[in-house]
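**Student:** Please find one structure pasted underneath; my questions will follow.
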Amino acid sequence: MTPRSPNREPGEVVRLENVAKRYRRGDEVVAALDGVSLTLAAGEMVALVGPSGCGKSTTLNLVSGVDQADDGRVEVCGVDLGAVGEEGLTLLRRRSIGIVFQAFLLMPNLTVEENVALPLALDGRRDPAWVRDLITRVGLDHRRSHFPSELSGGEQQRTAVARALVHRPRVVVADEPTGNLDSHSGEAVLRLLDELRREEGTALLLATHDEHLAAASDRVVAMRDGRLV
């Protein structure tokens, strides 16, 4: 782990400083992020909003260590993500970061219960009572033994949310966590996220088009063309 930034505020778990990310599209270089600075405190829920392609998902990918910034600094839980190797990033994600991918990325050969427990198993831990509790809280107790192919899109989404929370991460990044859910299921997921941040002090960074989810957040950060507006 690297030393903490001298600019870091007490209780701060995420800091982006003048971050830029560029992608090559044929002969063209596209600026996905251009000078983004953002902080997130423990227990805070922040919603990123804006049109598709504005940089929301790229921001989540950088905070989760899935991608690397071209310029600037990304710091999570006191760790400069640009200064640690892939092994360090893997360990940080395994213990401190929860990720809800828009594509779910559930393991097809594992049941709901096994998918939710997977982050703990990868870290050599077990907590079956907590796994069952999360499954119940997302309304999937009757689906615990089912495989992803036997679930609806909304049920897969709720499984992915429970999996992201099972290791009690300090930071959760979620790309459209209610995007495939009906209003009842969306309320259950929102209630669970809110309970987790209050009980565990988990910071939540969400990319969303859901106005209800944005309204329930502590802060709404608008993005356009790779910049904060």
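Nothing in this text is a laboratory measurement; each read-out follows from the coordinates by a stated rule. Everything numeric here is computed off the predicted structure, so don't read it as measured data. Counting neighbours? That spans all protein chains shown, and the Cβs are built from the backbone with ideal geometry, glycine included.
**Student:** On the principal axes of its Cα set, how long, how wide and how thick is region 173-229? Give whole Å, largest value first.
**Tutor:** Computed over region 173-229, the largest-to-smallest principal extents equal 32, 27, 17 Å.
**Student:** Which value in nm describes the separation of the simple spin-label points at ASP27 and ALA83, placed 7 Å from the Cα toward the beta carbon?
**Tutor:** For ASP27 paired with ALA83, the spin-label model returns 4.1 nm.
**Student:** Ok, one more. Could you state the per residue volume, in Å³, of the convex hull enclosing the Cα atoms of region 113-182?
**Tutor:** Taking only Cα atoms, region 113-182 has a hull volume of 91 Å³ per residue.
**Student:** So, one more: For region 22-143, report the % of Cα-Cα distances exceeding 17 Å.
**Tutor:** Percentage above 17 Å: 67.
**Student:** Kirkwood-based Rg over Rh for region 124-229 (C-alpha set), two decimals?
**Tutor:** 0.98
**Student:** Where in region 146-181 does the amide nitrogen come within less than 15 Å of the point 7 Å from the Cα of LEU110, taken along Cα to Cβ?
**Tutor:** 146-149, 156-168
**Student:** Report the gain in length on full extension from ASP123 to ARG198: 0.36 nm times residue separation, minus Cα-Cα distance, nm rounded to one decimal.
**Tutor:** 24.5 nm
**Student:** Then there's this: Mind checking which of GLU12, GLU155, GLU200 has the largest fluctuation in a GNM of the chain, springs on alpha carbons under 10 Å?
**Tutor:** Most flexible of the set in this elastic network: GLU200.
**Student:** Hey, another quick one. Sorted from fewest to most neighbouring beta carbons within 10 Å, what does the list PHE104, PHE147 look like?
**Tutor:** PHE147, PHE104
**Student:** Starting from the Kirkwood radius over alpha-carbon pairs of the chain, derive D by Stokes-Einstein at 25 °C in a medium of 0.890 mPa s and give it in µm² s⁻¹.
**Tutor:** Result for D is 137 µm²/s.
**Student:** A further question follows. Assuming 1.567 mPa s and 4 °C, estimate D for region 35-82 with Stokes-Einstein, Rh taken as the Kirkwood radius over Cα pairs, in µm²/s.
**Tutor:** The estimated diffusion coefficient comes to 110 µm²/s.
**Student:** In whole percent, what relative contact order does the chain give with Cα contacts below 8 Å and a gap of six or more residues?
**Tutor:** 29 percent
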